[in-house]
Amino acid sequence: MSQRFLSEKQVAEMLGLSVKTLQRWRLFGYGPKWRKFGTAVRYPSDGLESWVEETPTGGGGPTRANQENREVDAGGSNDPRQKASNSVKSR
C-alpha cells in the first residue's frame, strides 16, 4: 500500500485552517475526502491535492466594487437597510 494518509492536524496546518474547521466541514459533507480508521480520521494525500486543485480560486469574477457600480447604474441599491425600508414604504 503506497497511499499516504495525513492527520487532521497535518491537513489543518497545510491548508492554514483549524482542526475545528475540518471537523465542521466533515459534519456538513464539505472539504477533502477522508477516511476513518477506528477513531482516527485520516486524509489521503492524493485526495487532498486533487481537492485543492478543484477548489475555486478568487480573482476571476466581478469585484464587490464592480457589483455595486452596476447596481447603482441600474437604479438599485446594495444597502439591505434601504431595501428593507423600501419594502415597508410600499405596503
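The values are calculated or read from the model by the stated rules, or taken from the named source; none is laboratory data. This one's a predicted model, so the numbers in the text were calculated from it and none came from an experiment. Backbone-built Cβ (ideal geometry, glycine too); neighbour counts: all protein chains shown.
With respect to residue 26, is the statement that it is at pLDDT 90 or above and of a type outside the set (Gly, Ala, Ser) true?
For residue 26, the condition - at pLDDT 90 or above and of a type outside the set (Gly, Ala, Ser) - is met.
Out of the range 20-32, which residues are surrounded by 12 or more Cβ atoms within 10 Å (Cβ to Cβ) and either touching a strand residue (DSSP E or B) at 6+ places or on another chain (Cβ under 9 Å) or in a loop (DSSP other than H, G, I, E, B) (or both)?
22, 23, 26, 31, 32, listed by residue number.
Inspect the range 43-62 for any residue being surrounded by 10 or more Cβ atoms within 10 Å (Cβ to Cβ), in contact with a helix residue (DSSP H, G or I) (Cβ under 7 Å, 6 or more places away or on another chain), small (Gly, Ala, Ser) and at pLDDT 90 or above and give the result as yes or no.
So far as the range 43-62 goes, no, none of its residues is surrounded by 10 or more Cβ atoms within 10 Å (Cβ to Cβ), in contact with a helix residue (DSSP H, G or I) (Cβ under 7 Å, 6 or more places away or on another chain), small (Gly, Ala, Ser) and at pLDDT 90 or above.
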